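Trainee: Structure provided below as structure tokens; questions to follow.
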Amino acid sequence: MSASLTAIAEIDCTRSAELCGDGSRPLPDEVLCSPVPLVLRGLVAHWPLVQAARRSARAADSYLRRFYRDATVLGSHRPPGSDGRIFYNDELNGFNFNSQMVRFDQVLDALAAHLDAPAPPTMYVGSTTIDTCLPGLRAENDVNLGARDPLASLWIGNRTRIPAHYDVPDNLACVAAGRRRFTLFPPEQLKNLYVGPLDVTPAGQSVSMVDLHQPDLERYPRFAEALAQAQSAELEAGDAVFIPSMWWHHVEGLEPFNILINYWWRQSPAWMDTPHNALLLGLMTMRDLPPAQRAAWQEIFRHYVFDSDGSEAAHIPPAARGVLAPLDEAGARMLRAQLLNRLNR
């Protein structure tokens, strides 16, 4: 499927001193603030973990174990011969995998035991904080993001498929072992992705219901338009991809042993809340209004939020602008208190 998709724009980091990724200088803002995805070939090729992985999966396994200190992780498992897709069960009242807390070295043991199996069980550990699971790993394998304070996470497993989903933060995803295929969709393709439940999800974020390997275009006809707008790339150990905030991404592990290290950060202050909370409130308070009232609220949100440039409060003296004043941390605390008070009435 991905062979016919538009390729994600690429930068060869091995030919750029500014993008060599050796940590001597931060990555430039034109990369980390890009409005479109970018593949960064060779960005982390110098990492010792990548060098070990290029020798063999077992060498990468041994390297990781140097940093292990009895941490447990949430491991997901599907039976041997499954297709690797992390998804719902047929009734959408549960999932097609089992999860439990296990020692990280047990995950490595299980992956190692099935490296050569023709039909291994699906094994997957997602979004695990590196500094908790493998303290010291980032001292030797890291990316300089300047003043940004990212959340650095580890993802490890065998041949898995994670359905298309979005993340609120910007994302720099670095392949440290194995190979991964990324298929990305612009935010405006939401209506064509046939997204599942918002509140019951396989891994925290709502996901597309369409199987990218076998899209049922009779059931999901608009997905053809999403595919027409999709971008794709296959990354090897040492490569990275920058995924802007809110871009949908489908991620596949293509080898019996795959490691991804990713960095998440937001271009907004830490005290700003997630817009997802506003979405839930919108569903509760506006979605089921009569059409004319819903249209009126749409105009209010457009005026005060989506088209805001500061002019909407220019006629009000600064000292009297209240919640319309420029937001800071103190203002956010005040708004949160007002909201909680209203919700608890």
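The values are calculated or read from the model by the stated rules, or taken from the named source; none is laboratory data. Everything quoted here is computed from the prediction, not taken from an experiment. Counting neighbours? That spans all protein chains shown, and the Cβs are built from the backbone with ideal geometry, glycine included.
Trainee: Looking at segment 296-314, is at least one residue farther than 30 Å from D116 by Cα, in contact (Cβ under 8 Å) with a residue 40 or more places away in the chain, not assigned by TED's automatic domain parsing to the domain that holds R138 and not hydroxyl-bearing (S, T, Y)?
Mentor: no
Table: residues versus (1) among the charged types (D, E, K, R); (2) modelled with pLDDT of 95 or more; (3) over 27 Å from R148 (Cβ atoms); (4) under 24 Å from the mean Cα position of the chain (by Cα).
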residue	(1), (2), (3), (4)
M1	no, no, yes, yes
S16	no, no, no, no
R55	yes, yes, yes, no
L64	no, yes, no, yes
S76	no, yes, yes, yes
G94	no, no, yes, yes
V107	no, yes, yes, yes
A112	no, yes, yes, no
A117	no, no, yes, no
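Trainee: Restricting attention to segment 152-181, and to residues there that are over 25 Å from H77 (Cα atoms) and of a type in the set (A, V, I, L, M, F, W, C), which single residue is surrounded by the fewest Cβ atoms within 10 Å (Cβ to Cβ)?
Mentor: So the residue we want is V168.
Trainee: A follow-up question, please. So, D199, is that one farther than 16 Å from F87 by Cα, surrounded by fewer than 14 Cβ atoms within 10 Å (Cβ to Cβ), among the charged types (D, E, K, R) and at pLDDT below 95 or not?
Mentor: The answer is no for D199.
Trainee: Test M286 against the stated conditions and say whether it is farther than 25 Å from A45 by Cα and touching a Lys or Arg at 6+ places or on another chain (Cβ under 7 Å).
Mentor: Taking the combined requirement at face value, the residue satisfies it.
Trainee: Further question: Could you run through segment 180-209 and say how many residues are closer than 18 Å to N277 by Cα and of a type in the set (D, E, K, R)?
Mentor: Residues meeting the conditions: 1.
Trainee: Can you pull out every residue in segment 129-149 that is within 19 Å of the chain's Cα centre (by Cα), surrounded by 12 or more Cβ atoms within 10 Å (Cβ to Cβ) and within 19 Å of L27 (Cβ to Cβ)?
Mentor: I130, D142, V143, L145, R148
Trainee: From (1) of a type outside the set (S, T, Y); (2) surrounded by 15 or more Cβ atoms within 10 Å (Cβ to Cβ); (3) touching a Gly at 6+ places or on another chain (Cβ under 9 Å), pick out the condition that doesn't hold for D12.
Mentor: Among (1) of a type outside the set (S, T, Y); (2) surrounded by 15 or more Cβ atoms within 10 Å (Cβ to Cβ); (3) touching a Gly at 6+ places or on another chain (Cβ under 9 Å), the lone unmet condition for D12 is (2).
Trainee: Another question, if that's okay. Among the listed residues V125, V102, which satisfies the condition of being of a type outside the set (F, W, Y) and within 20 Å of the chain's Cα centre (by Cα)?
Mentor: Just a single option satisfies the conditions, and that option is V125.
Trainee: If we scan segment 175-185, do we find a residue that is assigned by TED's automatic domain parsing to the domain that holds Y63, within 13 Å of the chain's Cα centre (by Cα) and aliphatic (A, V, I, L, M)?
Mentor: Yes - at least one qualifying residue is present in segment 175-185.
Trainee: Looking at D273, D239, which one is under 25 Å from S4 (Cα atoms) and more than 16 Å from the chain's Cα centre (by Cα)?
Mentor: Just a single option satisfies the conditions, and that option is D239.
Trainee: Would it be correct to say that E188 is among the acidic types (D, E), surrounded by fewer than 17 Cβ atoms within 10 Å (Cβ to Cβ) and more than 30 Å from G282 (Cβ to Cβ)?
Mentor: Considered against the rule, which asks whether it is among the acidic types (D, E), surrounded by fewer than 17 Cβ atoms within 10 Å (Cβ to Cβ) and more than 30 Å from G282 (Cβ to Cβ), E188 comes out as no.
Trainee: Another question about this same structure. With respect to the numbered conditions (1) surrounded by 15 or more Cβ atoms within 10 Å (Cβ to Cβ); (2) out of contact with any strand residue (DSSP E or B) (no Cβ under 6 Å at 6 or more places or on another chain), which one is the sole condition not fulfilled by D239?
Mentor: (2)
Trainee: Is at least one residue of segment 272-293 loosely packed, with under 13 Cβ neighbours inside 10 Å, touching a residue at least 60 places away in the same chain (Cβ under 8 Å), in contact with a helix residue (DSSP H, G or I) (Cβ under 8 Å, 6 or more places away or on another chain) and farther than 30 Å from S56 by Cβ?
Mentor: Yes, segment 272-293 has at least one match.
Trainee: Kindly provide the set of residues from segment 299-323 that are in a helix (DSSP H, G or I) and more than 17 Å from M286 (Cα to Cα), ordered by number.
Mentor: Of everything in segment 299-323, those that are in a helix (DSSP H, G or I) and more than 17 Å from M286 (Cα to Cα) turn out to be S311, E312, A313, P318, A319, A320, G322, V323.
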